[in-house]
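Participant: Got a structure for you, written out below as structure tokens; questions coming shortly.
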């Protein structure tokens, strides 16, 4: 076995086999103690020897913490998942009580309109890595911050990517793979809103979720389709359960879109030894 940096030496063992697409139950895992620097830059170099791709999936995950923050890394080469991220956005949810409630969400990238859907329609053929890279860069060029949902019901705020809250999120697309990294701070004082209300040794719920299309808005567009979508058009590569090409069906029935990615973990935060 090749040596694994001590920073995340046991993450390899704790993430194996925990990810499935949509409809899964939360899986209990242990976080690793972070004892070296992790740069949140969308590169995930620190995690390369500490990620597992579960059998049958093209998703890898790493989780670590110290006494100030939780660190997350997610990597996938699955174009269907990447299309979901670029079309509808991506959210990491935190349930500080250790459950699977969407109590505090950090959304990045944020996709606010249907442009991503139209881009997917125009590129319904199998996209090359170069096409995907172009689309990814176009989406990131329109990012102006991190959208935060919660902790109160109906609460919605936005922080700049460079902020004083200690929250860091970055994404990258390299050699056909989407990389997501985040540093989410633990709450240090009662007035620190956008932080995890937990400490090392506690258990928190962490959810990973791609956005969902607004079906009511899509229906409201009528038979003409969404914002210029040609009748019978499709979203290439987004396959509904059971196979087949996703997208708007020619018989006028509602669009069939692959189930969004939704994964929940119950993570025991590491304590310094």
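Participant: Given a Förster distance of 35 Å, report the FRET efficiency between residue 273 and residue 101 from their Cβ-Cβ distance, rounded to the nearest 0.05.
Facilitator: So, using R0 = 35 Å, E works out to roughly 0.70.
Participant: Given the Cα-Cα distance of residue 112 and residue 28 and 0.36 nm per residue of separation, how much length would full extension add, in nm?
Facilitator: Values: separation 84, 0.36 × 84 = 30.24 nm, distance 3.30 nm.
Length gained between residue 112 and residue 28: 26.9 nm.
Participant: If you stretched the chain out fully between residue 153 and residue 128, how much longer would it get, using 0.36 nm times the residue separation minus the C-alpha to C-alpha distance? Can you show the working numbers first?
Facilitator: On the way: separation 25, 0.36 × 25 = 9.00 nm, distance 4.10 nm.
This chain segment gains 4.9 nm when fully extended.
Participant: Then there is this: Could I have the simple spin-label model distance between residue 162 and residue 68, label points 7 Å from Cα toward Cβ, reported in nm to one decimal?
Facilitator: Those two pseudo-labels are separated by 1.9 nm.
Participant: Efficiency by 1/(1 + (r/R0)^6): what FRET value for residue 187 and residue 144, r their Cβ-Cβ distance, R0 = 30 Å, to the nearest 0.05? Before the final figure, lay out the partial values.
Facilitator: Working: r = 25 Å, r/R0 = 0.84.
According to the calculation, E is roughly 0.75.
Where a number appears in this text, it was derived from the coordinates with a stated rule and is not lab data. As the structure is a computational prediction, the values presented were derived from the model and not from experiment. For neighbour counting, all protein chains shown are included, and Cβ atoms are generated from backbone atoms with ideal geometry for every residue, glycine included.
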